[in-house]
Amino acid sequence: MARAALLVLADGRFPAGGHAHSGGAEAAVRAGRVTGAASLEDFCRGRLHTAGLVAAALAAAAALGCDPGELDAAADARTPSPALRNAARRLGRQLTRAARATWPSPELDALAGAFPKGAHQPVVLGLVARTAGLAPEDAAYCAAYESVSGPATATVRLLSLDPFDATAVLARLAPELDRTVDRAVAAARRVPEGGADELPAASAPLLEIGAEEHAAWPVRLFAS
């Protein structure tokens, strides 16, 4: 297994477009829910156990070889906000483009043809991990880590938060990230027999509401 590929895929400099998205942090900062390191940790913890868990399970299922179309429909059903669905597809399209240049494969070509506007990013992430020779656990770790590292990095820019403090938040969340990945992979392994209903559907209403408000702002730093 080419485990070093995990470092490439998880690297924030991989040109998948994530740097342009705050993961809901920009809306949370404006609403006063994130004001510093402590509230950032609360925000990231909530995001990890909701959107992060769902994304990790979708990515793990895709890495296992489950039908991308079924998984994409499941992602749609678990994303009530049109703004978040659009953002997920834009990120999926960009990740597909970057991955096809990095790990060319018929599977990625077929995905690009089936979803010209982009599949949901976690579904693409899982398929990319599979193409790169990575395990479902690796895909889940990438997705779960992205769910908290994106908001942490964005908050450094939004609040001029000390990057050391933001990194410490991620380190403190590491044990919970491990447990989230375990739950996600266990659910993904049930999908081949039980279907996409086996995937978690943890909701985060404030993220959804914040995304819709954010999309209507005339001026914003991040795309979502």
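Coordinate-derived values only; no laboratory data. All values derive from a computational prediction rather than experimental measurement. Virtual Cβ from ideal backbone geometry, glycine too; neighbours counted across all protein chains shown.
Below, the figures for the structure above:
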{"read-out": "In segment 1-54, the residues that are touching a Gly at 6+ places or on another chain (Cβ under 9 Å) and of a type in the set (D, E)", "value": "E26"}
{"read-out": "Residues that are among the small types (G, A, S) and closer than 22 Å to E26 by Cβ, drawn from segment 157-198", "value": "S160, A166, A168"}
{"read-out": "When residues of segment 80-103 are limited to those that are closer than 24 Å to G24 by Cα and among the hydroxyl-bearing types (S, T, Y), the one surrounded by the fewest Cβ atoms within 10 Å (Cβ to Cβ)", "value": "S81"}
{"read-out": "Single condition P106 does not satisfy, out of (1) under 20 Å from P15 (Cβ atoms); (2) surrounded by fewer than 18 Cβ atoms within 10 Å (Cβ to Cβ); (3) of a type outside the set (K, R)", "value": "(1)"}
{"read-out": "V181 under 29 Å from P82 (Cα atoms) and either exposed (fewer than 14 other Cβ atoms within 10 Å of the Cβ) or free of Cβ contacts under 8 Å to residues at least 12 places away in the same chain (or both)", "value": "no"}
{"read-out": "Test: residue in segment 142-153 that is in a loop (DSSP other than H, G, I, E, B), in contact (Cβ under 8 Å) with a residue 60 or more places away in the chain, among the aliphatic types (A, V, I, L, M) and more than 23 Å from A187 (Cα to Cα)", "value": "no"}
{"read-out": "Within segment 98-112, tally of residues that are among the charged types (D, E, K, R) and either assigned to a loop (DSSP other than H, G, I, E, B) or in contact (Cβ under 8 Å) with a residue 12 or more places away in the chain (or both)", "value": "2"}
{"read-out": "Candidate set: segment 210-222, residues that are touching a residue at least 24 places away in the same chain (Cβ under 8 Å) and out of contact with any Asp or Glu (no Cβ under 8 Å at 6 or more places or on another chain); chosen: the one farthest from D72 (Cα to Cα)", "value": "E213"}
{"read-out": "Residue ID - nearest to D72 (Cα to Cα), chosen from residues in segment 184-201 that are buried (at least 17 other Cβ atoms within 10 Å of the Cβ) and within 16 Å of the chain's Cα centre (by Cα)", "value": "L199"}
